[in-house]
1. Can you run the Rg to Rh ratio on region 95-146? Use alpha carbon positions and the Kirkwood inverse-distance Rh.
2. Tell me, which longest segment in the chain has none of the GluC sites (Glu not before Pro) that fall in DSSP loops with at most 11 further Cβ atoms within 10 Å?
3. Assign unit charges at the C-beta atoms only (+1 for Lys and Arg, -1 for Asp and Glu), then state the dipole size of the chain relative to its Cα centre in Debye, rounded to the nearest 20.
4. Which residue fluctuates most in the GNM of the chain (Cα springs below 10 Å): ALA13, ALA72, ALA113?
5. List the trypsin sites (Lys or Arg not before Pro) within region 1-71 that fall in a DSSP loop (any state other than H, G, I, E or B) and whose Cβ has at most 10 other Cβ atoms within 10 Å.
6. Summing +1 for each Lys or Arg and -1 for each Asp or Glu, what net charge is found among the other residues whose Cβ lies under 15 Å from the Cβ of LEU91?
7. Let me test this: with uniform point scatterers at the alpha carbons of region 2-157, what is the Debye-based log₁₀ I(q)/I(0) at q = 0.13 1/Å?
Amino acid sequence: MINIEALTQGYDATEDRIHIDVRDKAGASLRLWLTRRLSDVVIRGLCDSLERSRGRGDSNFDQFLQTVDQRAAQAGRKGGEPVRWQGEAVLLISVDLTRVENGRRLTFKTRLAGQQQGVATVALDEQRLRQWLSIVYRLYRTAGWPEDAWPDWLKTASKTMPMDT
């Protein structure tokens, strides 16, 4: 299993899927294909988790706080060297979401030899998680996919941000 050090994502119109190109410390790379259906499940899980960790019980105020936190994370995003994928690609069938100190761990799984197996994992602190979510949201918009899985606070925060991926 690859312990992800860097990742780059994009949308492939031919496949109608999001690809996540990942690299570990040793330079091994892998392309992960994420369908819209699985993306919706992952997005809902991650956004619900963020809402539970920040909720105060006043839905309007909670939405405001989420928007502020999301905008701050997006504004702090720094571009890095994109992952140059070469070689193997896998279609993801599930993503395990685990709460870790100050963030979430995503374990990407595929079906190998008839069984679900983890192929890559990454731990993202809350800021990096929010940054990743904003990138994936932009890819949804690029793809023209329905935005039902996305909470209003993320959509609001993303309206004022540039559309680069």
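1. 1.08
2. 1-87
3. Values: 25 positive and 22 negative charges, 23 e Å.
Taking the Cα centre of the chain as origin, the dipole is about 100 debye.
4. Evaluated over the chain, the most mobile residue of the options is ALA113.
5. Those satisfying the criteria are LYS25, ARG56.
6. +1
7. Here log10 of I(q) over I(0) equals -0.60.
Bear in mind that the values in this text are calculations on the coordinates, not laboratory data. Every value quoted in this text rests on a predicted model; they were computed, and no experiment measured them. As a convention, Cβ positions derive from the backbone with ideal geometry for all residues, glycine included, and neighbour counts pool all protein chains shown.
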